[in-house]
1. Return yes when Thr119 is over 15 Å from the mean Cα position of the chain (by Cα), among the β-branched types (Val, Ile, Thr) and modelled with pLDDT of 90 or more and no when it is not.
2. Which residue is farthest from Ile108 (Cα to Cα), if the candidates are limited to segment 64-78 and must be loosely packed, with under 13 Cβ neighbours inside 10 Å and not charged (D, E, K, R)?
3. For segment 47-89, which positions are of a type in the set (Gly, Ala, Ser) and touching a residue at least 24 places away in the same chain (Cβ under 8 Å)?
4. Does Asp89 qualify as being charged (D, E, K, R) and surrounded by 11 or more Cβ atoms within 10 Å (Cβ to Cβ)?
5. Give segment 93-150 a look and list any residue that's surrounded by 10 or more Cβ atoms within 10 Å (Cβ to Cβ), small (Gly, Ala, Ser) and closer than 30 Å to Ile5 by Cβ, or say none.
6. Tell me, which residue of segment 57-104 that is of a type in the set (Asp, Glu) and under 23 Å from the mean Cα position of the chain (by Cα) is farthest from Asp123 (Cα to Cα)?
7. Within the set of pairs 6 or more residues apart or between chains, which connect a residue that is at positive phi inside segment 1-24 to a residue that is β-branched (Val, Ile, Thr) and buried (at least 18 other Cβ atoms within 10 Å of the Cβ) with Cβ atoms less than 8 Å apart?
8. Just need a number here: residues in segment 1-49 that are more than 13 Å from the chain's Cα centre (by Cα), closer than 13 Å to Glu138 by Cα and crowded, with 18+ Cβ neighbours inside 10 Å.
Amino acid sequence: MTDTINMHSLVLMHYSIALANDNIIESSFDDDPVEITMGEGDITDGMELAIFGLKEGDTQTLTLTPEQGFGLRDEENIHDMPLSDFPADLQPEAGLSYSFESPDGNEIPGTVVSIKGDTAEIDFNHPLAGHEIIFTVEILGINNAHAEIG
């Protein structure tokens, strides 16, 4: 019996994410495949749903809504930050993305929207938030041996 992807599968796959205009954002097809564990947050819930039930050798291309992909844009995720908070050797520029430390110590990406006086406006939304994405996947291997029983 061939394994199918379930909620605890270890999955070896190639994938690509493209925008509706076919502009490929990232892809593993010309590189090493990626390994993900279902249910661990390695990919979005919508992407997990897209590959759930697939078998080794399956390929699939789906258009995911913003909610299934990287979420909707949230204006609450845009914050002003004093330029003095940036390291002295790092001059923020509009359009550039940086890694910031959140209050709980995690690294979160943010993109500088604009510089106004001595303040930078930072957008902490995922760069693909609010976009439909085209998710293509090729399943190379599935391991359900480690899946929890019971």
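The values are calculated or read from the model by the stated rules, or taken from the named source; none is laboratory data. All values reported here derive from a predicted model rather than from experimental measurement. Please note: Cβ atoms are built from the backbone with ideal geometry, for glycine as well, and neighbour counts cover all protein chains shown.
1. Yes; evaluated as a whole, the condition is true for this residue.
2. Per the criteria, the residue is Thr65.
3. Ala50, Gly53, Gly57, Gly69, Gly71, Ser84, listed by residue number.
4. Judged against the criteria, Asp89 is not a match.
5. Once the filter is applied, which keeps residues that are surrounded by 10 or more Cβ atoms within 10 Å (Cβ to Cβ), small (Gly, Ala, Ser) and closer than 30 Å to Ile5 by Cβ, segment 93-150 yields Ala129, Gly130, Gly141, Ala147.
6. Asp58
7. From residues that are at positive phi, the pairs are Asp22/Ile134.
8. Total meeting the criteria: 4.
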